[in-house]
Structures are given as structure tokens and as C-alpha cells.
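K.L.:
Next up is a structure, given as C-alpha cells.
Every number in this text was worked out from the coordinates using simple rules, so none of it is lab data. This one's a predicted model, so the numbers in the text were calculated from it and none came from an experiment. Please note: Cβ atoms are built from the backbone with ideal geometry, for glycine as well, and neighbour counts cover all protein chains shown.
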Amino acid sequence: MADLVQSYLDRIVAEHAATAEGALADYIPELAGVDPRGFGLSLSSGDGYVYETGDADIEFTIQSVSKPFTYALALDQIGEAAVDARIGVEPSGEAFNEISVDDVTKVPKNPMINAGAIAAVSLIPGASPDARFALIRDFYSACAGRQLPLDEAVYRSEKATGSRNRAIAYMLDSFDVLDGDPDEILDVYYRQCSLRVTSTDLARMGATLARAGVNPFTGRRVTNAAVVRRTLSVMLTCGMYDAAGDWVSAVGMPAKSGVGGGIVAVLPGQLGIGVYSPLLDAKGNSVRGVAVCRSLSAQLGLHFLSVPLQARSTLRASYDVRDGVRVYEIHGDLLFAGAEQVLRMARQQSGEFSAAILDVSRVDDINGAARTMLAGLGAMLQAAGKRGFLVDPDGAVVSPGSPAQAVTFTTVDDAVAAAEAWLFGR
Ligand code: GLU
């Protein structure tokens, strides 16, 4: 049977392959000498299935696509407060290699520009540069699902030509932002930029972020959801050099690009996308990479701020089983807005019933806010002289041991029987 997704991706890469605009990064010979025609696209689903098209097996250096991952590792290792003390989260509107810190706080404006990325390296624990780098490489590799190799030649060139980065590191040192020796930190930074990846590695790394820190391919939890949320936030606002606003508007996915030609894009909860094409636009983003992501977003509806039609409202049905006993069936994912709807409805209609049965057996997922709100519904009804009963066979709302278990049932019939017993006993 034909694979529609695969043929779609093949077609979209073919459509953009003719574009030959842009220029190779030329600050080191290794980047200036790559084949400009290279073009690979990989897409990882949230459950770890990867589609590959074009040159998905070409290895290139990760360069600045490394930045969000080292930032995530720093958050993971030392916590948000300690990281925030050294690196801001404001878009800078400056070139990635600007020698600058925030006017007031004197720390780098965000972790996606070199100053912030170098500061992030300095926050990675390790007794030596080798130990720090090992931790970084292992973290990226865990996200990619394979051990990423180091490009020695690129590393040597980065190190030999890195005056600008040295200037940044010494400036940071002068403001006491760096934890450690500037030259040692830079050495680790150059190595991190010189790790080799394919578009598939980037798709998998993106999917690990999309899955809130679990690599869907290996099943391994690499970091936690709070770290990922913060990382995606700065990718969204600062990830695409100083074209972040344009990117968010047109593509609408947190992303990061690098001068090696790579882009990683993340659709939270759903997808990781990796693209490789080394011809860069004036801002340093891969021309074909950006173009293909724009097309994918528009054609597949991937913009994360697309407002979905309220196709499935939280309330599936409501009906009276007998006089005074009303059943509310709710379904789908229950978050704050859905729970608010349920509470409001129960309040507005409370003159019409004595007992309400809330059937949550079809709820797929529920978050903490919604759980707390629904748990409060029982008390709210009771205060009004009414009673709430819950049908919650999977324990989505009421956890074992909670007092609400007394009014929690496995089936609607059981809840109705309890509601009737309460009515007669009144
Ligand atoms: N190694 C490069 C630098 O720090 C990375 C540049 C990039 O990809 O933005 O200058």
C-alpha cells in the first residue's frame, strides 16, 4: 500500500530542491567546502516513527542547533533559578554573535545567542572540560538515540578562528557570568558546535522535546517536562537568529537553526522535524530549510497557534435519568477551559436537578488544574443542598484514598442507584 505521508514529503523536498539561493557559511574552510546541493528532511512522529527524504543520511555539524540542548541540560542539572541568574530569556534583536549583555542585569539576553550559549556551557557541571563535554555529548546523543560523533576538523577550525567568541567569553568573564576558565569553556563550546548530526538525528532530538523529554524512539526519559517547556519557550522567541518573529508568524513552531545548515523544529506533543540544506540566507538560516518548513506548516496545518474549531466540546451529552437526577457525559482532554465549562454549566443548571452525575469515563487526559476544579464540584453542590456523583472507572479525577471515593463509581448505573438512594433517604 502506498505511503501517503512518505510520498508527500518526497514531493515537497523535490519542489524546493531547485532553489539554489543563499550562500555557504564561509568563516571556516570545512563549512565553505560542503556540497551546496545537500538537502535532507526527516520527520519523527510523537511515537518515534521517522520519515526520511532526500539526503537524510548526510552528516553535518550541529553548530547553533546545539544551543537549546545545552540550555536544557543546564536547566536539568542545576535548576531554573540558578540558570536564570546567569542567562536571560529576552529576544535580543541582535546578531547571534553580538558582544553584548543585558544593560541592566549584565547577563546574556538569552541562551540562543553565542553569549548565552557560552554561559550555558559554563553552567554544565564537570571537573574538567572533558567531563563537561562528555555530559553534553551524552545528553544530545540520548535525545538523538545514537552516539553523535565529533568532527575534529571543524572543531580545530572553530577553535583557530574563534576571536569573536573569545571576545564574548572574556567579556562575560569580566561581568562574573562564567563559571570557570573562559578558554576551557570555549573549548567545550567549540566541541559542542562540532558534533555531527543528520536531519534524522535532529528530527529525533526535536521529537524528544515534542514528547516533553522522552525520546519516543528509545523510550528513555532524557529530561523533564518543565525543562522542555522552558527550552521550547526560548526557541520560540529567540531560536531563528534575528528572524524569530518572521519564523513564528509563518511557521509557528519552536525551532533552532545553525550555520551548518540544520534546522530543528518542534510541534509540542506531536512532531519533531529536522532539515538540512547548507545554503544560508543573510540572517544565517538555511534557505531551503526555512522554505520547506513554511510549506509543511501551511500545508499540514502545523502552526501551533492555529486556533482549532471547537469540534469536540467537553460536554458530550446530558440527560435526566429520572426526575431530579441529571447525567453529564464529558470527553476528550480536560484542561482548565473544559473544566470551567463543566463547572459553569452545573452552576447554571443547578435549579433543574437535585443530584448530578458526572461521567468522566471517556476523558482521555486531564491536567492538575481541571482535576482540582472537578474535585471542588462535589463540595459546591453539597453547599447548595445537592449531591454530585462521579463515574470514574480509571481514577482520572479521584485518586484512591481520596474522600471523594465515597461518591465515585465504575458505571453510570451504580452512580444512578447511589443517587436514588440518596434522594429517597433525604
Ligand atoms: N560555531 C559557530 C559560532 O559560535 C556557530 C554559529 C552558528 O551556528 O550560529 O560562531
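K.L.:
Just list whichever of Lys109/Lys159; Lys106/Lys159; Lys109/Lys256; Lys159/Lys256 have alpha carbons separated by over 18 Å in the model shown. Working shown, then result.
P.N.:
Values: Lys109/Lys159 24 Å; Lys106/Lys159 26 Å; Lys109/Lys256 16 Å; Lys159/Lys256 22 Å.
Result: Lys109/Lys159; Lys106/Lys159; Lys159/Lys256 exceed 18 Å.
K.L.:
Right, next: Each residue of the stretch 268-274 in turn: what ³J(HN,Hα) in whole Hz from Karplus with 6.51, -1.76, 1.60 and θ = phi - 60°, glycine and Pro shown as x?
P.N.:
Those phi angles translate into x, x, 10, 9, x, 10, x Hz.
K.L.:
Beyond 14 Å, what percent of the Cα pairs of the stretch 65-155 remain? Working shown, then result.
P.N.:
Working: 2665 of 4095 pairs.
Value for the stretch 65-155 (Cα pairs over 14 Å): 65 percent.
K.L.:
If you don't mind, another one. With the radius of gyration and the Kirkwood radius both derived from the Cα set of the stretch 121-201, what is their ratio Rg to Rh? Walk me through the numbers before you get to the answer.
P.N.:
Working: Rg = 13.1 Å, Rh = 13.2 Å.
Ratio of gyration radius to Kirkwood radius for the stretch 121-201: 0.99.
K.L.:
In addition: Which of the aspartates and glutamates could a cross-linker span from Lys283 if the Cα-Cα distance has to be under 15 Å and same-chain partners fewer than 8 positions apart are dropped?
P.N.:
Within reach: Glu21, Asp26, Glu94, Glu98, Asp242, Asp246.
K.L.:
Where does each of Lys106, Lys67 land when they are ranked from fewest to most other beta-carbon atoms within 10 angstrom?
P.N.:
Numbers: Lys106 12, Lys67 31.
Arranged by neighbour count, lowest to highest, Lys106, Lys67 become Lys106, Lys67.
K.L.:
Please list, ordered by chain and number, the residues whose modelled amide H lies under 5 Å from the amide H of Phe409; skip anything fewer than 5 residues away on the same chain.
P.N.:
Leu390, Val391, Asp392
K.L.:
Would you mind classifying the stretch 9-65 by shape? Square roots of the alpha carbon gyration tensor eigenvalues, ordered a ≥ b ≥ c; an a/c under 1.5 is rounded, otherwise it is prolate if a/b is larger than b/c and oblate if not.
P.N.:
Values: a/c = 2.77, a/b = 1.49, b/c = 1.85.
Verdict is oblate for the stretch 9-65.
K.L.:
Could you compute the net charge surrounding Leu178? Neighbours are other residues with a C-beta less than 15 Å from the C-beta of Leu178; K and R count +1, D and E count -1.
P.N.:
Numbers: positive: Arg86, Lys106, Arg132, Arg166; negative: Asp173, Asp176, Asp179, Asp181, Asp183, Glu184, Asp187.
Value of the local net charge: -3.
K.L.:
Show that you can apply the helix-only estimate: for the chain, add -39,500 (n - 2.57) for every DSSP H stretch of four or more residues, divide by all residues, and state [θ] at 222 nm to the nearest 500.
P.N.:
On the way: 16 runs with 185 residues, N = 426.
Per the formula, -13500 deg cm²/dmol.
K.L.:
Evaluate 2.2 N^0.38 Å with N set to the residue count of the stretch 44-197, then give the Cα radius of gyration divided by it. Can you show the working numbers first?
P.N.:
Working: Rg = 15.6 Å, N = 154, 2.2 N^0.38 = 14.9 Å.
In units of the globular-protein estimate, the stretch 44-197 measures up at 1.04.
K.L.:
Related question: Using only alpha carbon positions, build the gyration tensor of the stretch 216-265, then give the equivalent ellipsoid semi-axes as the square roots of 5 times its eigenvalues, largest first, whole angstrom.
P.N.:
Values: eigenvalues 99, 36, 17 Å².
Equivalent-ellipsoid dimensions as semi-axes: 22, 13, 9 Å.
K.L.:
So, one more: Which translational diffusion coefficient, to the nearest whole µm²/s, is obtained for the stretch 180-334 from the Stokes-Einstein equation, given a Kirkwood hydrodynamic radius over C-alpha pairs, 20 °C and 1.002 mPa s?
P.N.:
Numbers: Rh = 17.8 Å.
My calculation gives 120 µm²/s for D.
K.L.:
Report, to one decimal in Å, the Kirkwood hydrodynamic radius for the stretch 162-222 based on all distinct Cα pairs.
P.N.:
Working: mean 1/r = 0.0722 Å⁻¹.
Here the Kirkwood hydrodynamic radius works out to 13.9 Å.
K.L.:
Quick one: plug the Kirkwood hydrodynamic radius of the stretch 127-271 (C-alpha pairs) into Stokes-Einstein at 25 °C, 0.890 mPa s, and report D in µm²/s.
P.N.:
Numbers: Rh = 16.4 Å.
Approximately 150 µm²/s, per Stokes-Einstein.
K.L.:
What helices does the chain hold that run 15 Å or longer along their axis, going by alpha-carbon atoms, with a Kyte-Doolittle average of 1.0 or more, using DSSP H for the helix calls? Before the final figure, lay out the partial values.
P.N.:
Numbers: long enough: 4-17 (20 Å, 0.27); 67-78 (17 Å, 0.33); 129-144 (22 Å, 0.24); 163-174 (16 Å, -0.43); 182-193 (16 Å, -0.64); 199-210 (16 Å, 0.36); 225-238 (19 Å, 1.21); 287-300 (20 Å, 0.84); 336-348 (18 Å, -0.14); 368-383 (23 Å, 0.89); 412-425 (19 Å, 0.87).
Long hydrophobic helices here: 225-238.
K.L.:
On to the next question. Apply the Kirkwood formula to the stretch 261-361: the hydrodynamic radius equals the inverse of the mean of 1/r over all pairs of different alpha-carbon atoms; give it in Å with one decimal.
P.N.:
Details: mean 1/r = 0.0574 Å⁻¹.
Across the stretch 261-361, the inverse of the average 1/r is 17.4 Å.
K.L.:
Would you kindly calculate the translational diffusion coefficient of the stretch 300-426, applying Stokes-Einstein with the Kirkwood radius from alpha carbon pairs, for 25 °C and a viscosity of 0.890 mPa s, and quote it in µm² s⁻¹ without decimals? Each step should come with its number before you reach the end.
P.N.:
Values: Rh = 15.0 Å.
Rounded to a whole number, D works out at 163 µm²/s.
K.L.:
Nearest 0.05, what FRET efficiency do Glu21 and Glu94 give at R0 = 25 Å with Cβ-Cβ as r?
P.N.:
Values: r = 24 Å, r/R0 = 0.98.
So, using R0 = 25 Å, E works out to roughly 0.55.
K.L.:
Could you state the principal axis extents of the C-alpha atoms in the stretch 374-414, from the largest down, to the nearest angstrom?
P.N.:
28, 22, 14
K.L.:
Given N residues in the stretch 224-314, what is Rg(Cα) / (2.2 N^0.38 Å)?
P.N.:
On the way: Rg = 13.6 Å, N = 91, 2.2 N^0.38 = 12.2 Å.
The value comes to 1.11.
K.L.:
Any idea what the dipole of the stretch 19-141 comes to, in debye rounded to 20, about its Cα centre with Lys/Arg Cβ at +1 and Asp/Glu Cβ at -1?
P.N.:
Numbers: 7 positive and 19 negative charges, 81 e Å.
Dipole of the stretch 19-141, to the nearest 20 debye: 400 debye.
K.L.:
Report, please, the projected area of the chain averaged over directions, based on the convex hull of its C-alpha atoms, in nm².
P.N.:
Numbers: hull surface 98.1 nm².
That works out to 24.5 nm², a quarter of the Cα hull's surface.
K.L.:
Let me check I've understood the local charge: for Tyr190, count other residues with C-beta under 9 angstrom from its C-beta, Lys and Arg +1, Asp and Glu -1. What total comes out?
P.N.:
Numbers: positive: Arg156, Lys159, Arg191; negative: Glu158, Asp187.
So the surrounding residues net to +1.
K.L.:
Shifting gears a bit: As an exercise, take the mean of 1/r over every pair of distinct alpha carbons in the stretch 341-406, invert it, and state the Kirkwood radius in angstroms. Could you put the intermediate results ahead of the total?
P.N.:
Working: mean 1/r = 0.0816 Å⁻¹.
With all distinct Cα pairs of the stretch 341-406 included, I get 12.3 Å.
K.L.:
Using the Cβ atoms and a cut-off under 10 Å, what net charge is assigned to the surroundings of Thr208, where Lys and Arg are +1 and Asp and Glu are -1? Could the numbers behind the result be given before it?
P.N.:
On the way: positive: Arg204, Arg211, Arg220, Arg221; negative: none.
Charge balance near Thr208 sits at +4.
K.L.:
Among Glu340, Glu15, Glu30, whose mean-square fluctuation peaks in a Gaussian network model of the chain (Cα, cutoff 10 Å)?
P.N.:
Glu340
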